[in-house]
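Below: one structure, written as structure tokens.
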Amino acid sequence: MAYLAPSEFVTKMIDAGESKIFMSARDTVIRAYMAGAILALAAWFAVTINVQTGQPLLGAVLFPVGFCILYLFGFDLLTGVFVLSPLAWIDKRPGVTLGGVLRNWGLVFVGNFLGAFTVAVMMAIYVTYGFSVEPSPVGHAIGVIGENRTLGYQSHGAAGMLTLFVRGMLCNWMVSAGVVGAMISTHVSGKVIAMWMPIMLFFYMVFEHSIVNMFLFPSGLMLGAHFTILDYLIWNEIPTVLGNLVGGLAFTGLTLYATHVKTLPKRNAVAVNAVPKRNAA
């Protein structure tokens, strides 16, 4: 597996962020739409495995297949551009502005939501025979997830909101590690291995991912789960988006940029050697 040194793949991260900011609106939305749809399919797949086997670890082990497909196809998630686009602005690339970063985030958000929502509608039709019967066990499980991860947080008040935000941070710490993982190898096998590990971790630990949730919660609402659109927005989606932004940018983007691009000069060896040695007792 061909491996790029950190200084090389962090430069690739900045280049990728610059490219996404200058991408046309049409291409940005298409790529985001497909990313949201494929990740939603992977989430549906993982829930199905969990229900049929009763083993959440197996669903987590196989969920990253969707993430690997969408990144190998060059599609974009909001959680990925949260990390990449700001680096081009921080690095002062010509023509890159804060407005360009926000435009990129907004278009990717819309595309991801439309893609995830499309799969949510298809899934709801699939598990109810076109809304003619009660949801299948998989549909019921998705509805329960929606209730537990909206009303469940709400029942804890401010502590629940803090927990939700932290789970969002932890999630994009891992997801953005997967995005970076795709850049550290020039071989497909190396990219897949590097992406698989952090994505499996985030799914098994039930961290909060804003795009996966764009599928789970609208699905739950269509299948008759007992929470509202406002519950979904306030007690999941909005805090999760903010947690994803802070976690991915702080723990992955800025740390890698600070230590591999804006590296400080090495310590002066002469000065270190000049420090007087402690006298023997």
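The values are calculated or read from the model by the stated rules, or taken from the named source; none is laboratory data. The structure displayed is predicted, hence computed values, not measured ones. All Cβ positions, glycine included, derive from the backbone under ideal geometry; neighbour counts span all protein chains shown. When the accessible area is computed, the model is the full protein with side chains, heavy atoms only, and any ligands, DNA or RNA have been set aside. Shrake-Rupley method; radii C 1.70, N 1.55, O 1.52, S 1.80 Å.
So for the chain, if I pair up every lysine 8 or more residues apart or on another chain, how many of those pairs have alpha-carbons under 18 Å apart?
6
Among rounded, prolate and oblate, which fits region 1-86 when a ≥ b ≥ c are the square roots of the eigenvalues of its C-alpha gyration tensor, a/c under 1.5 means rounded, and a/b larger than b/c means prolate?
oblate
If you place +1 on the Cβ of every Lys and Arg, -1 on the Cβ of every Asp and Glu, and leave all else neutral, what size is the dipole of the chain about its Cα centre, to the nearest 20 Debye?
1180 debye
Take the alpha carbon gyration tensor of the chain, find the square roots of its eigenvalues, order them as a ≥ b ≥ c, and report rounded if a/c is under 1.5; if not, report prolate when a/b exceeds b/c, else oblate.
prolate
Tell me, what is the 1.4 Å probe accessible area of MET200, in Å² to the nearest 10?
60 Å²
Roughly speaking, what is the stretch gain from VAL61 to PHE73, that is 0.36 nm per residue apart minus the C-alpha to C-alpha distance, in nm to one decimal?
This chain segment gains 2.2 nm when fully extended.
Out of the chymotrypsin sites (Phe, Trp or Tyr not before Pro) in region 40-138, which ones are loop residues according to DSSP with at most 16 other C-beta atoms within 10 Å?
PHE73, TYR129, PHE131
Considering only protein heavy atoms and a 1.4 Å probe, what is the carbon-and-sulfur percentage of the accessible area of the chain?
70 percent
In Å², what does the accessible area per residue of the chain work out to with a 1.4 Å probe?
Ligands and nucleic acids excluded, the result is 48 Å² per residue.
Kindly provide the helix-only [θ] at 222 nm of the chain, computed as the sum of -39,500 (n - 2.57) over DSSP H runs of four or more divided by all residues, to the nearest 500 deg cm²/dmol?
For the chain, the value works out to -23000 deg cm²/dmol.
Scan the chain and hand back the longest stretch that contains none of the trypsin sites (Lys or Arg not before Pro) lying in DSSP loops with at most 14 other Cβ atoms within 10 Å.
Between exposed loop sites, the widest span is 93-261.
Just to be sure I understand: with springs between alpha-carbon atoms less than 10 Å apart, which residue in PRO135, PRO239, PRO94 has the highest mean-square fluctuation in the Gaussian network model of the chain?
Fluctuation is largest for PRO94.
Specify whether the C-alpha gyration tensor of region 118-211 places it in the rounded, prolate or oblate class, a ≥ b ≥ c being the square roots of the eigenvalues: rounded for a/c under 1.5, otherwise prolate if a/b is larger than b/c and oblate if not.
It is oblate, given that a/c is not under 1.5 and a/b is not larger than b/c.
Quick check: residue separation of ALA5 and SER24 times 0.36 nm, minus the Cα distance between them. What number comes out in nm?
Between ALA5 and SER24, full extension yields 3.8 nm more.
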